[in-house]
């Protein structure tokens, strides 16, 4: 089960590590396409496109339907969910800068409150003034 | 700018497409580690571990600090954000099953309302009854 999950993640992230394959998934998100249609926007041969599609199929991201000579590809985005879940655990790290900013603001706020408390008029001040008055 | 973003995504997804590198990131999420500490849990040589760490460095996911002979690695999770954002666009597809269910429930609700309206008594019906009354 764990091995299956690990291999699925390897395949999904590997499939996404190429701009042509990511662009193919974007195309398929709009509607199913034939292999020819998927190859068309890129400067690659049908054989080259087919190799990319095979990588996407192995990752479970593309389902291929064969009708005679026409191969129609459909997106199956469900395996992406595992990838997104994996990344979700690291969200707190890229949000850390915001956490640090929040901590600074909180500390600043606490210091302001403490300072305000310190300057509040007390009935009998015990501190000496910085500029001592001359004695008459 | 677009090229930079594309190359960053290639590097990040490529770095994540390996179980050893994902495990190293998990280790670094807990605390910084030396190259030796990162290699220890895996049955790989220091040189093998170093290659994986280089892939993580190229993806911007690891910062290496050199002090004499000690190389300390720290996690920089920020590049993962781009990967998570890319995946977020596809959430609606793996949520599609829920959308279909929602659509069925809405359609069902609309049909029930229409049926209720159809059986309500109208003061002066203008439509002809399906079973015409006999003329006296």
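Note on B:72-81: average number of Cβ atoms from other chains within 10 Å of each residue's Cβ is 3.
What are the label-to-label distances in nm, one decimal and shortest first, from residue B:78 to the same spot in the other copies, with labels 7 Å along Cα to Cβ? Ordered by increasing distance: 3.8 nm. Other protein chain C-beta atoms within 10 Å of residue C-beta, averaged over B:22-35: 1. Full extension of the chain between residue A:45 and residue A:30 gives 3.2 nm of extra length, using 0.36 nm per residue less the Cα-Cα distance. When each of the peptides A:63-70, B:45-52 is scored by the mean number of other C-beta atoms lying within 10 Å of its residues, the order from highest to lowest reads B:45-52, A:63-70.
The ranking of A:5, B:90 from fewest to most other beta carbons within 10 Å of each one's beta carbon is A:5, B:90.
Shortest first, residue A:6 label-point distances to identical copies amount to 3.4 nm, with the label point at 7 Å from Cα along Cα→Cβ.
Counts of other chain beta carbons within 10 angstrom of each beta carbon in peptide B:12-21 average 5.
Projecting 7 Å from Cα along the Cα-to-Cβ direction, the label point of residue A:29 sits 2.4 nm from its equivalents in the other copies, listed shortest first.
Each value in this text was obtained by applying a stated rule to the coordinates, not by laboratory testing. Here the structure is a predicted model, which means the values were calculated and not measured. Glycine gets a Cβ as well: all are built from the backbone with ideal geometry, and neighbour counts include every protein chain shown.
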